[in-house]
DNA sequence: TTACTTAGTGTAAAAAATACACATTATATT
DNA sequence: AATATAATGTGTATTTTTTACACTAAGTAA
């Protein structure tokens, strides 16, 4: 405990837990590793931070390089630093999560060959993950469960226009339990951030539901309220 | 983005935000630095993690070496990693908070000369802090504000036996606002973790209040409930 | 005895959460 | 055209939680 200059004593990395909702299923984004250790294993998208980037900037860049995704707003939630979490040396990793709107257009394309591919995988069919990534994922899920109770972040998962039933599906998948339809609608509408549209769902084979959209202005207000008291 | 071995790319440190309650005042623990940069400035107790320690272990050791305190249960809450947060090089710091029972016995005695001294300082009289420590403190306070609403962590600040008015004082100091006495008592008792003692406050110059103590068994149950759903 | 200071208590009203079931509507099938 | 199907959409009563609000009781000091 004598050094004055801050001596490098660790590698620092970022790992990202991205939730996506597609075809009625809750998925997370994984990469297939192309490097040792854990070559060919599935892992959370993650890599070492860069010299001239903040943690948030690193997170965005890394996600982009490994998956091709950009403009994803991620939130930091925990740092994992067990001594032996990486078999080849000390790596402290800082975990971020985000919820993401899926839907065809955005192809997943790693821009580096550190990953063979990136893919959305149903959370009920998770493979064995590299390193302590299962643990990092578990903590991330716990985090958004708590979060979703207070803030309507589930909309980040949905397309621009959505039905209330879709919202309820997302909640049920994340919380892992069934919710009462009437009470759910009452509550979700009471946040005051949904705008009913003059438009119905199309292409369904039964009664079409009313579409809603998400009012970003009101959401921002709500969000800042939740933070303070 | 080519290395396979995890190359050290940063220093990693821990900073601790410790809240204490004493003489009716909410305080935090600061050290006076004895090293450049920011020699002679006040700072949060913090230092670099060790090679063979987890983050939690590092936090405990560092707190001990800088202040003499041991057996303090701290919780990690955020990682700060702006590129220029340390003037002499990259340092990512991981912040921990805890709430602590003060009261005479435990002397503060740095065991290293990295700190000149350690001292409890009223949160209303904070000096200018080194590095980005003001920011780290602000985030920590925000965190416990949110936390205290759901869990009765305020008891960690109080002596073994305490009055309800003392508990209320702690809440008011942390939340920064006055609370209604009757409603506060109703709510705090409804947590079901306080045991009324057959004993009164002593040495006060007016009516003595009933003492309570904190039931750790019930608290543990409550805590685990809050985490899941 | 009196003055002072803090402890300790209850209720009514409002708001939020919960439990619960059926008619409506669009489509697909015959 | 009639019918079957499957999901949409809606209301109320009950319970629980939160909020607002003011006085008496008890102990100490003068």
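Read-outs throughout are calculated quantities, based only on the coordinates presented, and are distinct from any laboratory measurement. These figures come from a predicted structure and were not determined experimentally. So basically every Cβ, Gly included, is an ideal-geometry build from the backbone, and we count neighbours across all protein chains shown.
Once you sort the root eigenvalues of the Cα gyration tensor of the protein assembly as shown as a ≥ b ≥ c, which label holds: rounded (a/c under 1.5), prolate (a/b larger than b/c) or oblate (the other case)? Here the protein assembly as shown falls in the oblate category. Distances between equivalent label points of residue B:25 across the copies, with each point positioned 7 Å along Cα→Cβ, amount to 6.1 nm, shortest listed first.
Helix content alone sets the calculated 222 nm mean residue ellipticity of chain A: runs of n ≥ 4 DSSP H residues at -39500 (n - 2.57) each, divided across all residues, give -9000 deg cm²/dmol. The alpha-carbon atoms of the range A:14-138, seen along their principal axes, cover 40, 31, 27 angstrom, with the largest extent given first.
State whether chain B is rounded, prolate or oblate according to the following rule on the C-alpha gyration tensor (a ≥ b ≥ c being the square roots of its eigenvalues): a/c under 1.5 gives rounded; otherwise a/b larger than b/c gives prolate, and the remaining case gives oblate. Prolate is the answer for chain B, as a/c is 1.5 or above and a/b outweighs b/c. Evaluated at q = 0.22, 0.30 Å⁻¹, the base-10 log of the normalised Debye intensity for the range B:15-73, with identical point scatterers placed on the Cα atoms, takes the values -0.93, -1.25.
Working from Cα pairs under 8 Å separated by at least six residues, relative contact order for chain A is 20 percent. The Cα trace of the range A:65-172 gives Rg and Dmax of 15.7, 48 Å, the first to one decimal, the second as a whole number. A quarter of the convex hull surface defined by the alpha-carbon atoms of the range A:102-145 gives 4.4 nm² as the mean projection. If you count the DSSP beta bridges with both ends in the protein assembly as shown, what percent of them are antiparallel, to the nearest 5? Percentage antiparallel, nearest 5: 70.
Placing one equal scatterer on every Cα of the range A:160-227 and applying the Debye formula, the log10 ratio I(q)/I(0) at q = 0.11 Å⁻¹ is -0.30. Note on the range A:95-170 and the range B:87-154: Cα centroid distance 34 Å, given to the nearest whole angstrom.
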